[in-house]
Amino acid sequence: MRGYNETLALRVAERLMHIPDIEEKLMFSGLVFMVNGEMCIGVSKAGMMVRIDPNALENLSHKDGWEQMVMGGRPMKGYISVSENVLVRNDELDFWVQLALDFNPFAKASKKK
C-alpha cells in the first residue's frame, strides 16, 4: 500500500497530462508532481499540498477545506494543504490544480545545499 491516496494521485495526473514537462517523485511520504522542474502539487493520504502565490492566501477566505502548511512550527510561505474531503468534487480539484499551475511559472527553485 502506498503512503498517499492513489485515486487522488491519478485524478491529479489526468489533469496534468497535457503539460509536456511533468515529473512524479516519491517524497514527503507522498507523491509530488514537479512541473517544469518546480514542485507544484503533492498528494498525501489526507489530501493535497498545493504551491501557490503567497499573496493569494487572502483571496481564498471563501474556500473551505484548506490551511497554510506548517513545518517546524513555522508557516510555509506559498504552500497550503487541501483536505481530501474537498477534493472529491471535480470542480474543487480543478480549482486547486489550476491555482498551482497558474503560480508555477513564477515559483523559484529552492536553493540546493
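The values are calculated or read from the model by the stated rules, or taken from the named source; none is laboratory data. What you see is a predicted model, and the numbers here were worked out from it, not measured in a lab. Positions of Cβ are backbone-derived with ideal geometry, glycine not excepted, and every protein chain shown enters the neighbour counts. Only protein heavy atoms, including side chains, enter the accessible area calculation; ligands, DNA and RNA are left aside. Shrake-Rupley method; radii C 1.70, N 1.55, O 1.52, S 1.80 Å.
On average, how much accessible surface per residue is there in the chain, in Å², for a 1.4 Å probe, leaving out ligands, DNA and RNA?
Per residue, the chain has 65 Å² of solvent-accessible surface.
For a protection proxy built on the mean count of beta-carbon atoms within 10 angstrom, sort 28-36, 56-64 highest first, please.
28-36, 56-64
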Checklist outcome for this item: Toy charge model, Lys and Arg Cβ at +1, Asp and Glu Cβ at -1: the chain dipole around Cα centroid in debye, rounded to 20, equals 620 debye
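If we count every other residue with Cβ under 12 angstrom of residue 95's Cβ, Lys/Arg +1 and Asp/Glu -1, where does the sum land?
It works out to a net charge of -2.
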Next on the checklist: For the pairs 25/63; 25/77; 77/108, flag any whose C-alpha to C-alpha distance is greater than 23 Å.
Outcome noted: 25/63
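Ranked from highest to lowest mean number of other Cβ atoms within 10 Å per residue, what is the order of the peptides 76-88, 40-52, 8-20?
Answer by packing, highest mean first, reads 40-52, 76-88, 8-20.
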Checklist entry - Of all accessible surface on the range 20-101 at a 1.4 Å probe, what whole percent is carbon and sulfur? => result 49 percent
